[in-house]
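Step one of this worksheet: look at the structure below.
The values are calculated or read from the model by the stated rules, or taken from the named source; none is laboratory data. Everything numeric here is computed off the predicted structure, so don't read it as measured data. When we count neighbours, we look across all protein chains shown, and the Cβ atoms used for this are built from the backbone with ideal geometry, even at glycine.
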Ligand SMILES: Nc1ncnc2c1ncn2[C@@H]1O[C@H](COP(=O)(O)OP(=O)(O)OP(=O)(O)O)[C@@H](O)[C@H]1O
C-alpha cells in the first residue's frame with residue numbers, strides 16, 4: 001500500500017474477495033487490501049459502492065463467493081470464536097439499551113467477554129476518563145447527545161481490546177469538538193495497537209487522519225494508498241487539490257468521464 005508502514009502481520013487481510021447477496025450478481029469484485037496494527041484505513045466510495053457489503057463480509061455475516069478474509073491471519077471457519085472476539089464493530093446509528101446506564105452498558109460488555117471484575121473496573125474507569133465520560137456513567141442513553149452515545153458505543157467496542165475496529169460513518173451529526181474527541185479516541189486506540197477500518201463520506205477528516213485509503217467504486221478498488229498516493233493516482237497535480245477533488249476525478253475516470261456529482 002504505497003508508503004504506508006506495513007511491518008508485521010496484518011490485523012485484517014482481504015484477498016481477491018468477490019461477494020454480495022447473490023452469486024449471479026456479485027457486489028464486490030476481487031477486492032484486496034490489508035489493515036495493519038495501529039493503522040487507520042479509510043474505506044470510501046459513493047452510495048452503493050459496496051462499503052457496507054465489504055464490512056458484512058469482514059464481520060463474517062456474509063460468505064465470500066471467491067477469495068478470503070483473514071483477521072489476525074485466521075479465517076472465520078478456522079476459529080469462529082477467535083475471529084469474532086478479535087473484531088469490534090461500531091455502526092452508524094448508536095444502538096443502546098434504553099434502560100441501561102452508560103456504566104451498566106460497559107459492565108454488561110465486560111461480563112459478556114468474561115473479563116475479571118477488577119480488570120473490568122480499571123479499564124472502564126480508564127476509558128471513561130479518556131473519553132471524558134466519567135460524569136455520564138450514571139446517565140441513561142435518552143439523556144445523551146449523539147456524540148456521547150457514539151462515545152458509549154466506542155467505549156464498549158474498545159473495552160475488550162479488539163485487534164480490529166470497524167466503524168461505519170462516525171462523523172455524521174457530530175459538532176467540531178465531538179469530532180475532535182472522536183479522533184483523539186481513535187488515535188489512542190491506534191496507539192494501543194488497534195487496527196481501524198473506518199467507512200465515511202467525510203473526506204477532509206480522513207485526508208488529515210488516515211494512514212491509508214481504499215477507494216471502492218461499483219464494488220472494485222479503483223485507488224488505494226496514503227491520501228497523497230490517492231491524489232497522485234487521481235492525477236491531481238495542483239498542490240491545493242483536496243481528497244474530495246481526487247475522489248471526483250477517480251469516480252469520473254472510472255465512469256468513462258460521464259460522472260456528474
Ligand atoms: N440486502 C441487500 N440485498 C440485495 N442487494 C443489496 C442489499 N444491500 C445492499 N445491496 C446492494 O449492494 C450494493 C452495495 O450496497 P452497499 O450497502 O454495500 O453500499 P455502500 O457503499 O455501503 O453505500 P452507502 O454509502 O449508501 O451506505 C448496492 O447496489 C445495493 O443496492
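Scanning the range 157-166 for residues that are more than 13 Å from the chain's Cα centre (by Cα) and outside any helix (DSSP H, G or I) returns 160, 161. Taking the criterion of being part of a helix (DSSP H, G or I), under 20 Å from residue 47 (Cα atoms) and touching a helix residue (DSSP H, G or I) at 6+ places or on another chain (Cβ under 8 Å), the residues of the range 214-261 that qualify are 230, 234, 243, 244, 245, 246, 247, 249, 250, 253. Highlighted here are the strands (runs of 3 or more DSSP E) found entirely within the range 28-121 that include at least 2 residues which are modelled with pLDDT of 95 or more and within 15 Å of the ligand (Cβ to nearest atom): 28-35, 40-44.
Does residue 154 fit the bill of being in contact (Cβ under 8 Å) with a residue 60 or more places away in the chain, in a helix (DSSP H, G or I) and surrounded by 18 or more Cβ atoms within 10 Å (Cβ to Cβ)? Judged against the criteria, residue 154 is a match. The set of residues in the range 9-24 that are over 16 Å from residue 62 (Cα atoms) and surrounded by fewer than 17 Cβ atoms within 10 Å (Cβ to Cβ) contains only 9. Scanning the range 211-220 for residues that are away from the ligand (no atom under 13 Å from the Cβ) and either within 18 Å of residue 248 (Cβ to Cβ) or free of Cβ contacts under 8 Å to residues at least 12 places away in the same chain (or both) gives a single hit, 213. For the range 167-200, the candidate set comprises residues that are assigned to a loop (DSSP other than H, G, I, E, B) and under 24 Å from residue 11 (Cβ atoms); within that set, the residue that is nearest to the ligand (Cβ to nearest atom) is 169.
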